[in-house]
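Beneath this line is the structure, given in structure tokens, with notes to follow.
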Amino acid sequence: MKHLMIRFQIVTLRGFDGEPLIKILAARNVTAELRERRCVALVRAVKIAPTILWFRLDLRLADNAALRLALERGGPVVPVYILDDEAEGRWAMGAASRWWLHQSLLALDASLRERGSRLILARGGSEKILREIATQTGANAVVWSRRYEPAVIERDKKIKASLAGSGLTAISANSALLFEPHAVQNKSGKPFQVFTPFWRHCLSLPMAEPVPVALPNLFPSPGRWPQSLEPRELGLLPNIQWDTGFYAAWNPGENGAQARLKAFLEESSAGYGTARDVPGAGATSRLSPHLHFGEIGPRQIWAAARALGKSAGVFPVNEGVQKFLSEVGWREFAHHLLYHFPHTPERPLRTEFEAFPWAEDAGGAKLKAWQRGLTGYPIVDAGMRELWHTGWMHNRVRMVAASFLVKHLRLPWTQGAAWFWDTLVDADLASNTLGWQWVSGCGADAAPYFRIFASVLQGVKFDGEGDYVRRWVPELGRLPNEHLHAPWEAPEHVLARAGVVLGETYPRPIVDHAKARDAALKAFKTLKADASDAA
Ligand SMILES: Cc1cc2nc3c(=O)[nH]c(=O)nc-3n(C[C@H](O)[C@H](O)[C@H](O)COP(=O)(O)OP(=O)(O)OC[C@H]3O[C@@H](n4cnc5c(N)ncnc54)[C@H](O)[C@@H]3O)c2cc1C
């Protein structure tokens, strides 16, 4: 019989603060995996209580500050996702976001299972569920990554205080932003309201590195897992199948996010500075839903962009990357504004716009035409159909389509924001609010109201070859470029040759651009008059 010589070493397990919790004896000359298993078993034996890792908008393992805290505690980790619609206030996730969330939770669960763990799913009030899980597992701590939506901040504050009141440790961390809103202020100690000084100030501060998370091959797990719902039981997928186009367009989850960042940096970033405005070019990163759900974080993006220029010793490596990083900066700015002006998802930052004379829309017919991509303006309709089919719309077209709703149809920006909220896979309270208030002229650093996007000119300028409109409005596909963006001006024989019958195969414009523009400017002037009357 062979004798196996086993040598031992002392392994120190440390707590949150780095203080040693306990020293254990672990076999040295066994495989790392076996050693890890034994450590896990020993941890159970000495009963370091489990930690609940409450996943929210941080659905990744790398650079996840909350996960790092949970692992550092040394005991078993219980990963949990809770669908808590009530806590989101008026902004419970829309249908497209729910589709994304379903896929992303599957991806996260798969990554955890590769490491001997799993994701517990629950639906309902977060505090009640966290307490139930703590009771079931004996957990004495909950850790999470911070969110910045007003209703969620309030909810989280209450939960933190209440858990602490019952002797449970509750710790939050930053996994979502480069510069958290409470840590940034202008020279007068106030929040910024203009992007350029905001971003200049941020860039003068130390840049956060990705949080190193020492991911074990085997996560320390509880002896008994608490109850979990099946993913389908969260009811996130639609009953009517409008989501078929989503599967081809996206690969939700941490791996999909990393692949997209890599592809963008290697293939498109150099030309991003100019091509980013061309909707048919596919030149932007399409990282927005991944960023919203925290499948990737801005610290990781920054580090990857830095690595790109490392060999050349240049950062940013070119203007394209610089522009891209400043767009990531707009995301930071959006969170800054939402945090400091929490009323803005419902009300304009510039209060004079509260009195804006919006137009009537009998039966909601105009709103419906806009939502369905049937306004008669091809670039607007292409954008609205891209949104419906893929859950995403190119930024240039978001601006044109939003401007059309607010200025040509003179319908309230909140109606547009609500539609985007329901249909975008990247629907994000901070960025959506900023986007709509920017277009409407009623927000911080906004485009002035009197600057009205001419949809036809925007189409000609940014989709001159018509790739984008032809893709999403195929019934106009055979029109020559010079008539593609204003089919109502095309001669009869051109329309006939292209198989277009206005009012039948494609709508006539629902408003006349020049008249709509005049009406919008008139409405804006009443606002200015009101403001000076009040002064
Ligand atoms: C009316 C309107 C509504 C919008 N709603 C949202 C929304 O709900 N969610 C959302 O993420 N973005 C929103 N945006 C901003 C922008 O359109 C998208 O972030 C962008 O189109 C996403 O595509 P991308 O990932 O390829 O961007 P890229 O051009 O590759 O930019 C990289 C990242 O920077 C951030 N970013 C870029 N532009 C902006 C911007 N203007 N504001 C804030 N962040 C930006 C995004 O996180 C984006 O993923 C909105 C814009 C408008 C005009």
What is the spin-label model distance, in nm, from residue 239 to residue 467 if the labels are put 7 Å beyond Cα along the C-beta direction? 4.1
Give the relative contact order (percent, whole number) for the stretch 351-528; include only Cα pairs under 8 Å separated by 6+ residues. 27
Just to be sure I understand the model, the point goes 7 Å from the Cα along the line to the Cβ. What's the resulting residue 224 to residue 319 distance in nm? 6.5
Picking from 493, 449, 76, whose Cα lies most toward the positive end of the charge dipole for the chain (charges on Cβ: Lys, Arg +1; Asp, Glu -1)? 76
What residue among 390, 371, 507 has its Cα farthest toward the positive end of the dipole of the stretch 351-528, where the charges are +1 on Lys, Arg and -1 on Asp, Glu, each on the Cβ? 507
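Relative to the Cα centre, what is the charge dipole magnitude of the stretch 143-204, using +1 at the beta carbon of each Lys and Arg, -1 at the beta carbon of each Asp and Glu, and rounding to the nearest 20 debye?
Details: 9 positive and 4 negative charges, 25 e Å.
That gives the stretch 143-204 a dipole magnitude of about 120 debye.
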Sorted on mean Cβ neighbours within 10 Å (highest first), peptides 71-79, 385-393 come out as 71-79, 385-393
Please state the charge dipole magnitude for the stretch 49-175, taken about the Cα centre, from unit charges on C-beta atoms (+1 on K and R, -1 on D and E), reported in debye and rounded to the nearest 20. 120
Where both partners of a DSSP beta bridge lie in the chain, what percent of those bridges are antiparallel, to the nearest 5? 25
In whole angstrom, the spacing between the Cα centers of the stretch 397-419 and the stretch 476-491 equals 24
From the Cα centre of the stretch 226-244 to that of the stretch 423-459, the distance in Å is 32
Taking only C-alpha pairs under 8 Å that are 6+ residues apart, what is the relative contact order of the chain in percent? 15
For residue 343 and residue 86, FRET efficiency with R0 = 22 Å and r from the beta-carbon atoms, rounded to 0.05? 0.65
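Can you give the extra length, in nm with one decimal, that the chain gains between residue 200 and residue 359 once fully stretched, where that is 0.36 nm per residue apart less the Cα-Cα distance?
Numbers: separation 159, 0.36 × 159 = 57.24 nm, distance 3.94 nm.
Extra length available between residue 200 and residue 359 comes to 53.3 nm.
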Taking 8 Å as the Cα distance limit and 6 or more residues as the minimum spacing, I'd like the relative contact order of the stretch 49-175 as a percentage. 37
Could you work out [θ]222 nm for the chain from helices alone, using -39500 (n - 2.57) per DSSP H run of at least four and dividing by all its residues? Round to the nearest 500 deg cm²/dmol. -13000 deg cm²/dmol
For residue 312, placing the label point 7 angstrom along Cα-to-beta-carbon and taking the stretch 257-277, residues whose amide nitrogen sits under 11 Å are 270-271
Please list 306-314, 151-159, 347-355 highest first by mean number of surrounding beta-carbon atoms within 10 Å per residue. 151-159, 347-355, 306-314
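By average Cβ neighbour count within 10 Å, what is the ranking of 470-483, 207-220, 238-251 from highest down?
Ranking the peptides 470-483, 207-220, 238-251 by packing returns 470-483, 207-220, 238-251.
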Which value in nm describes the separation of the simple spin-label points at residue 496 and residue 162, placed 7 Å from the Cα toward the beta carbon? 7.2
Charged-residue dipole, Cβ positions (Lys, Arg, Asp, Glu), the chain about Cα centre, Debye nearest 20: 1720
Note on the stretch 49-175: alpha-carbon gyration tensor, axes a ≥ b ≥ c; rule is a/c under 1.5 for rounded, else prolate if a/b larger than b/c, else oblate; result oblate
Does the stretch 351-528 come out rounded, prolate or oblate, given a ≥ b ≥ c as the square roots of the eigenvalues of its C-alpha gyration tensor, rounded meaning a/c under 1.5 and, failing that, prolate meaning a/b above b/c? prolate
State the answer as a single residue: which of 119, 100, 49 lies farthest towards the positive end of the charge dipole of the stretch 49-175, with beta carbon charges of +1 for Lys and Arg and -1 for Asp and Glu, about the Cα centre. 49
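FYI, it's all coordinate maths here, none of it is from the lab. Note that the coordinates shown come from a computational prediction; the quantities given were computed from them, not determined experimentally. When we count neighbours, we look across all protein chains shown, and the Cβ atoms used for this are built from the backbone with ideal geometry, even at glycine.
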